[in-house]
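Working notes, beginning with the structure itself.
The values are calculated or read from the model by the stated rules, or taken from the named source; none is laboratory data. None of the values given here were measured: they were computed from a predicted structure. Note that we place each Cβ from the backbone using ideal geometry, even for glycine, and neighbour counts take in every protein chain shown.
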2 protein chains.
Amino acid sequence: MSPRRVTVIGTGLVGTSVALALRRAGVRVALADRDPDAVAGAARMGAGGRLAADTPRADVVVIATPPSAVAGVLREAQRRGLGAAYTDVAGVKAPLLADAARAGCDLAAYVPGHPMAGRELSGPAGAAADLFRGRPWALCPHPRLAPGPLNAAVGLAALCGADPVLVASADHDRTAAAVSHVPHLLSSALAARFADADDASDPELLALAGRGLRDMTRIAAGAPALWHDILRRNAGEVSAVLDAVVRDLAEVAAALREDDPGGDRLLDLLARGAQGRARIVKVPSGRAVPPRTGPTR
Amino acid sequence: MSPRRVTVIGTGLVGTSVALALRRAGVRVALADRDPDAVAGAARMGAGGRLAADTPRADVVVIATPPSAVAGVLREAQRRGLGAAYTDVAGVKAPLLADAARAGCDLAAYVPGHPMAGRELSGPAGAAADLFRGRPWALCPHPRLAPGPLNAAVGLAALCGADPVLVASADHDRTAAAVSHVPHLLSSALAARFADADDASDPELLALAGRGLRDMTRIAAGAPALWHDILRRNAGEVSAVLDAVVRDLAEVAAALREDDPGGDRLLDLLARGAQGRARIVKVPSGRAVPPRTGPTR
């Protein structure tokens, strides 16, 4: 079921990385982007050739645009009959499936997808063929989906070196809020303390910072406009998790202002944090998980 | 000014790491801990010999206990005349200097210190001789401090491979709140979401987590009791930074619940986060900074 011919629409970081990984696996790749420079950049990196009027129909079309553009690009690609199966790489899934339904797309051929990998860079220059190696790649079966396209998307993820994980779109979005979207906001809120030229960003003092601050602010470097799009499309799930985090932190801030600062509230949060971390490291990323093939919702 | 003979009181992770680094540099090291097993463990690792009644006076005594124990241990060590200079490794400085003054310690010989390095492990077993290599090591001059002990502490930090950074204790504490203490709380609050056996910690879904979640929750594994002690001793600085983070996150949570979710508030936080991250990575940790030798406060 491995695809032999793939078209990638959107040659940013993720799209170009997909193309590079597929090229290395011997797949024929056609590239398209509304920005001709981005296509040219990706092509120079060896990611494939430009999509042309006479490019044969692809086994899979990968839509690697920002989330809000996916449904429109999918509809247009299906209208042009560019492929037998279609998938995307956006960080939120259920709302895009609804978008695609509303836009009149052929849902039987659309596999909502999300490789759980990325870098804090943008554009084809940051792309890497091994970006997905050993990383989970979520694919979201839904009632209207035909088996052929799902198999093709699984084959594509595997060709990229990723571990395909089948998961209902609602489960994906709830999990992504906790493991990706809220972490991004916490990273941003912490890094934002250093955005202004006040004491906190005094270079002399900032030199005291160790690996902790660097690790905690790494993902804050992600492109603001892209993350804005992702977060607002998953607003319900994100705000629910964020509320719980804000509640915990506000309670601790209040406890630190008491006469005997900190107290049980602070110790409790630290203890729960250590427990949660222990659970997180117990689960290997990707590999260990059997694909979920149960009913979608 | 390099110390040739050092006594380390408190053979946990940091104390034992200091001892191992000094041993590698040829320093004679004596070890003490209220837990005889901890001393035995450190000694077995080659960190030095047990402090005895006939151990010669040390050039520097390193107090590597939890913050709240430092002043008491310092007073007792000075009463016994264990060393010519004294320093500690606790993550908060101004309150400990005040503790030491209240306890009647000889402040002329006490150099408040803080190596900005650590691991998410406890006890001597997690110790490593290279823990401090290339990392900043804050030392806090104060009006009562004599030059000899300060030089000895600088020499000790350098022998451990660290970059000594002289900084007023109040500046240290304000900076530590932003670069270490609040990041720890954010990490804990995020990891706490995975502490309970509910959906967020479903192992099947947790397998979707990538490097972002792992990096963001790494420091949450730190010993809760130790961090409780550090954070409550720096309560004022920590709560001030934490308030700003909570305000930003609460505003974004509210913005995500609007009809057109996210909006300018969300985009603004993401943009400020990216700016702050850019400032953070511009400053090399440790090396680039000239020691601050100006007036302390």
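Filtering segment B:14-22 for residues that are crowded, with 24+ Cβ neighbours inside 10 Å and of a type in the set (S, T, N, Q) leaves a non-empty set. Looking at A:Ala168, is it within 14 Å of another protein chain (Cβ to nearest Cβ) and over 28 Å from A:Gly41 (Cα atoms)? Here the answer is yes, as A:Ala168 does meet what is asked.
Collect the residues in segment B:92-105 that are closer than 15 Å to B:Glu237 by Cβ and either modelled with pLDDT under 95 or of a type in the set (D, E, K, R) (or both), keeping them in residue-number order. Even if it seems obvious, please write down each step before you answer.
From segment B:92-105, those closer than 15 Å to B:Glu237 by Cβ are B:92-98; that's our starting set.
Listed by number, the list holds a single entry, B:Lys93.
Mind checking which residues of segment B:256-270 are surrounded by fewer than 17 Cβ atoms within 10 Å (Cβ to Cβ) and either part of a helix (DSSP H, G or I) or in contact (Cβ under 8 Å) with a residue 60 or more places away in the chain (or both)? Once the filter is applied, which keeps residues that are surrounded by fewer than 17 Cβ atoms within 10 Å (Cβ to Cβ) and either part of a helix (DSSP H, G or I) or in contact (Cβ under 8 Å) with a residue 60 or more places away in the chain (or both), segment B:256-270 yields B:Gly263, B:Asp264, B:Arg265.
Yes/no matrix, rows are residues, columns are (1) farther than 17 Å from A:Ala209 by Cα; (2) buried (at least 22 other Cβ atoms within 10 Å of the Cβ); (3) of a type outside the set (D, E, K, R):
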position	(1), (2), (3)
B:Thr175	no, yes, yes
B:Val182	no, yes, yes
B:Ser187	no, yes, yes
B:Asp202	yes, no, no
B:Ala244	yes, no, yes
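With respect to the conditions (1) closer than 17 Å to A:Gly273 by Cβ; (2) facing chain A (nearest Cβ under 7 Å); (3) within 22 Å of the chain's Cα centre (by Cα), B:Asp229 falls short on a single one, namely (2).
Taken over segment B:62-72, the criterion of being hydrophobic (A, V, I, L, M, F, W, C) and either surrounded by fewer than 21 Cβ atoms within 10 Å (Cβ to Cβ) or touching a Lys or Arg at 6+ places or on another chain (Cβ under 8 Å) (or both) is satisfied by B:Ala69, B:Ala71.
So, in segment B:256-280, exactly how many residues are modelled with pLDDT under 90 and more than 7 Å from every other protein chain (Cβ to nearest Cβ)?
Residues in segment B:256-280 being modelled with pLDDT under 90 and more than 7 Å from every other protein chain (Cβ to nearest Cβ): 3 in total.
Take the conditions (1) of a type outside the set (S, T, N, Q); (2) surrounded by fewer than 22 Cβ atoms within 10 Å (Cβ to Cβ); (3) at the interface with another protein chain (Cβ under 7 Å from one of its Cβ atoms); B:Ala192 misses just one of them, which is (2). A:Val92 passes every criterion in (1) at positive phi; (2) under 15 Å from the mean Cα position of the chain (by Cα) apart from (1). Report yes if A:Gly155 is outside the structural domain of A:Asn234 (by TED's automatic domain parsing) and at pLDDT below 95, otherwise no. No. The set of residues in segment A:246-255 being surrounded by fewer than 21 Cβ atoms within 10 Å (Cβ to Cβ) and more than 7 Å from chain B (Cβ to nearest Cβ) consists of A:Arg247, A:Glu251, A:Ala254. If you go through segment B:215-224 and keep only what is surrounded by fewer than 24 Cβ atoms within 10 Å (Cβ to Cβ) and within 7 Å of chain A (Cβ to nearest Cβ), you end up with B:Asp215, B:Arg218, B:Ala221, B:Pro224.
Which of the residues belonging to segment B:137-160 are among the small types (Gly, Ala, Ser) and more than 14 Å from chain A (Cβ to nearest Cβ)?
Here is the first cut: in segment B:137-160, the ones among the small types (Gly, Ala, Ser) are B:138, B:146, B:148, B:152-153, B:155, B:157-158.
Across segment B:137-160, the qualifying residues are B:Ala146, B:Gly148, B:Ala152, B:Ala153, B:Gly155, B:Ala158.
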